[in-house]
Amino acid sequence: MLRTMMKSKIHRATVTQADLHYVGSVTVDEDLLDAANLLPGELVHIVDIDNGARLETYTIAGERGSGVIGINGAAARLVHPGDLVILIGYGQMEDAEAREFEPSVVFVDSENRIIGTGSDPAEALPGSGLIRGDVIGGGAGPRAADVVDNPLVSH
């Protein structure tokens, strides 16, 4: 049986441009593609943190070092410059590989420069003010120690 697993994530990137009259896709700084283990033409899901929109498209390599995250075509009606987005790539693998596989997670700053990488899909970058994805009820979960100093959590 093949399992579809998250293999790549660029977390909280800032959309730098959106062009409705462009052949559909998302243009991504080639440095980010490399760090996230994504190829040009690869299927990605885009989740807009600001408005909740979710869509799928394919990647186009943007200028290396530019920080570009460009939403092209019809998706520009859903995602706008300045929005925070998560780009997620998936891979299909056999069960045994899926159980051992470590995804590529890339954290970026407000200019889409890489500030951290990892392989834990629930990880919150230290100092980001975000809560781990596996913490339940604002700190009552199995990793409550990770959010002790988080201003978003009431104790």
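The values are calculated or read from the model by the stated rules, or taken from the named source; none is laboratory data. It should be emphasised that the depicted structure is a prediction, and the values quoted were computed from it without experimental measurement. In this analysis, Cβ positions are derived from the backbone assuming ideal geometry, glycine residues included, and neighbour counts consider all displayed protein chains.
Annotations for the structure displayed:
- Single unsatisfied condition, Ser119 versus (1) touching an Asp or Glu at 6+ places or on another chain (Cβ under 8 Å); (2) in contact (Cβ under 8 Å) with a residue 24 or more places away in the chain: (2)
- Every residue from region 22-60 that is modelled with pLDDT of 95 or more, in a loop (DSSP other than H, G, I, E, B) and more than 19 Å from Glu102 (Cα to Cα): Pro40, Gly41, Ile49, Asp50, Asn51, Gly52, Ala53
- Single unsatisfied condition, Gly52 versus (1) within 24 Å of Ser119 (Cβ to Cβ); (2) surrounded by fewer than 19 Cβ atoms within 10 Å (Cβ to Cβ): (1)
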